[in-house]
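The values are calculated or read from the model by the stated rules, or taken from the named source; none is laboratory data. Predicted model only: the values in this text are computed from it and were never measured. All Cβ positions, even for glycine, are placed from backbone atoms using ideal geometry, and neighbour counts span all protein chains on display.
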Amino acid sequence: MVEWTDFERTTISSIFASLDYNDVGPKALCRCLIVYPWTQRYFASFGNLYNPEAIKTNPNVVAHGVKVLHGLDRAVKNMDNIKATYAELSVKHSEQLHVDPDNFRLLADCLSITVAAKMGSAFTPAVQAAWQKFLAVVVAALSKQYH
Ligand code: HEM
């Protein structure tokens, strides 16, 4: 089981409490689709993703970015049991969506950059360390059901 310090718990919950899901979620997903264009292949049903502007304004991308953040706040609320919390979501990404699990880390990195840009100097090295640890546990849990 992953151990969390009080600082890590407080940091993660306070970042999520102040996060504007409707802004950060779409921005992070957009970044992922633009910086790592092969990730677009999983979103063929989302329509026009031909250029960065089309990605930014695509309503399916926006809605899905928000959905991913809501997926993450389930981990925040279950920090002592992230693996079990994501068992079903991991199966879905693996068996149904066939998402290569390397991509989880790429989206996590885009999310970190988006959050860092928002928080500015408040995203201190100690805060970043807690944040990266949280995302590393999330990525491991989402990758868990892959064989
Ligand atoms: C669907 C979360 C990473 C591709 C979903 C759903 C959630 C979610 C909550 C909705 C599941 C449902 O409807 O039952 C996450 C989280 C991620 C992550 C927390 C990592 C931080 C990724 C990555 C990709 C991806 C990296 C591909 C590059 C998809 C696709 C769907 C989906 C294609 C279905 C979209 C649709 O057709 O509506 N994800 N996801 N996910 N995810 Fe992820």
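For the reader, a short list of remarks on this structure follows.
- Test result for residue 80, at pLDDT 95 or above and either touching a strand residue (DSSP E or B) at 6+ places or on another chain (Cβ under 8 Å) or not in a helix (DSSP H, G or I) (or both): yes
- Out of 75, 136, 63, 87, sole residue that is of a type in the set (A, V, I, L, M), within 13 Å of the ligand (Cβ to nearest atom) and surrounded by 18 or more Cβ atoms within 10 Å (Cβ to Cβ): 75
- Members of region 90-123 found to be in contact (Cβ under 8 Å) with a residue 24 or more places away in the chain, within 8 Å of the ligand (Cβ to nearest atom) and not in a helix (DSSP H, G or I), listed by number: 97, 99
- Checked against (1) free of Cβ contacts under 8 Å to residues at least 24 places away in the same chain; (2) touching a Pro at 6+ places or on another chain (Cβ under 9 Å), residue 77 passes all but a single condition, namely (2).
- Verdict on residue 34 being within 13 Å of the ligand (Cβ to nearest atom) and either on the phi > 0 side of the Ramachandran plot or not charged (D, E, K, R) (or both): yes
- Residues in region 24-57 that are under 17 Å from residue 106 (Cα atoms) and part of a loop (DSSP other than H, G, I, E, B): 36 alone.
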